[in-house]
Amino acid sequence: MTQLETPRLRLLALSRAQLQIFNDDPTLLNGDLLVPVRPSIINPVVARAIRAKLAKMRLASRRDHDWYTYWLIIRKDQDLGIGLAGFKGRPNGRDEVEIGYGLAPEDQGQGFMTEAAGALVNWALRQPICGAVTAWTEKDNVASHRVLEKIGLVRSGEQNNQYFWIIKGGGA
């Protein structure tokens with residue numbers, strides 16, 4: 001299981017089985033990981049996203065697992081799962097990958113998502129198959145705009161009610 005560390009967080013790439021447990025009953029994941037997970041991580045949007053990830057993962061190569069799964073964001077000081085972040089699959093034909101993330105409401109506004117998303121973006125850009133990380137945000141999601149700006153993504157377009165963000169790696 002791939003793991004990343006930051007000063008305050010551990011990010012754990014969930015196995016397909018763990019993601020399935022998360023989908024079926026998030027409280028059961030506590031026993032599998034030996035780390036409690038805030039129930040407020042899961043809402044209808046996240047539940048749909050997990051189901052979509054599981055469907056994609058069934059078709060993906062095992063070597064691409066880290067690109068398809070969710071990474072559980074764990075606060076080190078509380079040994080507690082507080083959010084999920086991940087990519088929407090393997091980098092595309094332009095070597096770009098899209099990131100998405102969510103955090104329990106009780107842990108928002110403390111810099112945790114900036115730390116977690118920054119670690120994932122850095123990990124992605126170190127992989128030979130990735131030249132850029134992208135994101136889409138709702139125009140009124142100012143908190144997410146700040147996260148992306150702080151980790152180096154630049155707003156480079158808009159469509160309907162969303163902004164498009166990108167950061168390119170050294171080789172891109």
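Laboratory data are not the source of any read-out in this text; all were calculated from the coordinates shown. In this text the structure is predicted, and so the values were computed from the model without any measurement. In this analysis, Cβ positions are derived from the backbone assuming ideal geometry, glycine residues included, and neighbour counts consider all displayed protein chains.
Please list, ordered by chain and number, the residues whose modelled amide H lies under 5 Å from the amide H of Q162; skip anything fewer than 5 residues away on the same chain.
When sequence neighbours closer than 5 places are left aside, the close amide H contacts are K139.
If you build the Cα gyration tensor of the range 3-168 and take the root of 5 times each eigenvalue, what three semi-axes come out, in whole angstrom, biggest first?
Semi-axes from the Cα gyration tensor: 23, 19, 15 Å.
For the chain, give the magnitude of the charge dipole about the Cα centre (Cβ charges: +1 Lys/Arg, -1 Asp/Glu; no others), in debye to the nearest 20. Don't skip to the answer; put the middle values down first.
Numbers: 22 positive and 18 negative charges, 96 e Å.
Once rounded to the nearest 20, the dipole reads 460 debye.
Kindly rank 86-95, 63-72 from highest to lowest mean number of other beta carbons found within 10 Å of each residue.
Details: 86-95: 16.6, 63-72: 20.4.
For the peptides 86-95, 63-72, the packing ranking is 63-72, 86-95.
Please go through the range 101-150 and write out the trypsin sites (Lys or Arg not before Pro) that DSSP classes as loop and that have at most 14 other C-beta atoms within 10 Å.
Sparse-neighbourhood loop trypsin sites (Lys or Arg not before Pro): K139.
I need the helices of the chain that pass two filters: whole DSSP H segments spanning 18 Å or more by Cα along the axis, and mean Kyte-Doolittle score no lower than -1.0.
Numbers: long enough: 44-59 (24 Å, 0.42); 112-126 (21 Å, 0.68).
Counting only whole DSSP H runs, the qualifying helices are 44-59, 112-126.
In terms of Cα to Cα distance under 13 Å, which aspartates and glutamates are near enough to K168, apart from those fewer than 8 places away along the same chain?
Within reach: D95, E96, E98.
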